[in-house]
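The values are calculated or read from the model by the stated rules, or taken from the named source; none is laboratory data. Please read all numbers here as calculations on a predicted model, not as lab measurements. Note that we place each Cβ from the backbone using ideal geometry, even for glycine, and neighbour counts take in every protein chain shown.
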């Protein structure tokens, strides 16, 4: 596993080689901006799923929504605020680490990369991966951090406003992952393999 500053650009020579060897290019967004825009519906769907779970796990939220009282949010910059920002950053790193955990030979492979782009981390691989494994890699951060984790927090008595916020942001932030899942699930036949070339994805 190697560190890189940004996701590599498309290798045109590799692209031609893949196409000549029978690989097919996915019909997918050409850049992250378009992908983010197209994933907005998944952002709302994921957020609703997360909030429905939390609604039944966290009674104060149910009481707040059932009451006629409004609520306000106050921001204060202090040591605790900085601590919250650090925890939020670490939570996002964990999201990416969970992606990496399900990539075959993640630690030993020289085709698995990680990096930090601004405030967020990313994981990238050029390993040839089975379709179903790709779907698992894509969904696990959402499933573990926004569906399973709230139940664990509730059992430990650690489910509160801040941890709910983390789980919700993770759910909504998984929207591009869910878009990729939808694209792969509808275009790539079962039993096929997938490989990345920059921001382009190929299957055979």
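Computed quantities for the displayed model
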item	result
Single condition residue 34 does not satisfy, out of (1) over 20 Å from the mean Cα position of the chain (by Cα); (2) surrounded by 10 or more Cβ atoms within 10 Å (Cβ to Cβ); (3) over 14 Å from residue 165 (Cβ atoms); (4) at pLDDT 80 or above	(1)
Complete set of residues in region 15-31 that are closer than 26 Å to residue 168 by Cα and exposed (fewer than 13 other Cβ atoms within 10 Å of the Cβ)	31
Tally, over region 179-201, of residues that are within 14 Å of residue 125 (Cα to Cα) and buried (at least 17 other Cβ atoms within 10 Å of the Cβ)	6
Positions within region 136-164 being surrounded by 17 or more Cβ atoms within 10 Å (Cβ to Cβ) and part of a loop (DSSP other than H, G, I, E, B), in sequence order	159
Breaking point among (1) within 22 Å of residue 178 (Cβ to Cβ); (2) touching a helix residue (DSSP H, G or I) at 6+ places or on another chain (Cβ under 9 Å); (3) part of a helix (DSSP H, G or I), for residue 133	(2)
Among residues of region 97-116, those that are crowded, with 16+ Cβ neighbours inside 10 Å, assigned to a helix (DSSP H, G or I) and out of contact with any strand residue (DSSP E or B) (no Cβ under 8 Å at 6 or more places or on another chain), counted	1
In region 117-134, the residues that are under 30 Å from residue 54 (Cα atoms) and either touching a strand residue (DSSP E or B) at 6+ places or on another chain (Cβ under 9 Å) or buried (at least 18 other Cβ atoms within 10 Å of the Cβ) (or both)	121, 122, 123, 133, 134
Odd one out for residue 144, checked against (1) at pLDDT 95 or above; (2) touching a helix residue (DSSP H, G or I) at 6+ places or on another chain (Cβ under 9 Å); (3) closer than 25 Å to residue 24 by Cβ	(3)
Residue match in region 52-61 (condition: in contact with a helix residue (DSSP H, G or I) (Cβ under 7 Å, 6 or more places away or on another chain), at pLDDT 85 or above and in a loop (DSSP other than H, G, I, E, B))	yes
Residue 167 vs. criteria part of a helix (DSSP H, G or I) and under 30 Å from residue 23 (Cα atoms)	no
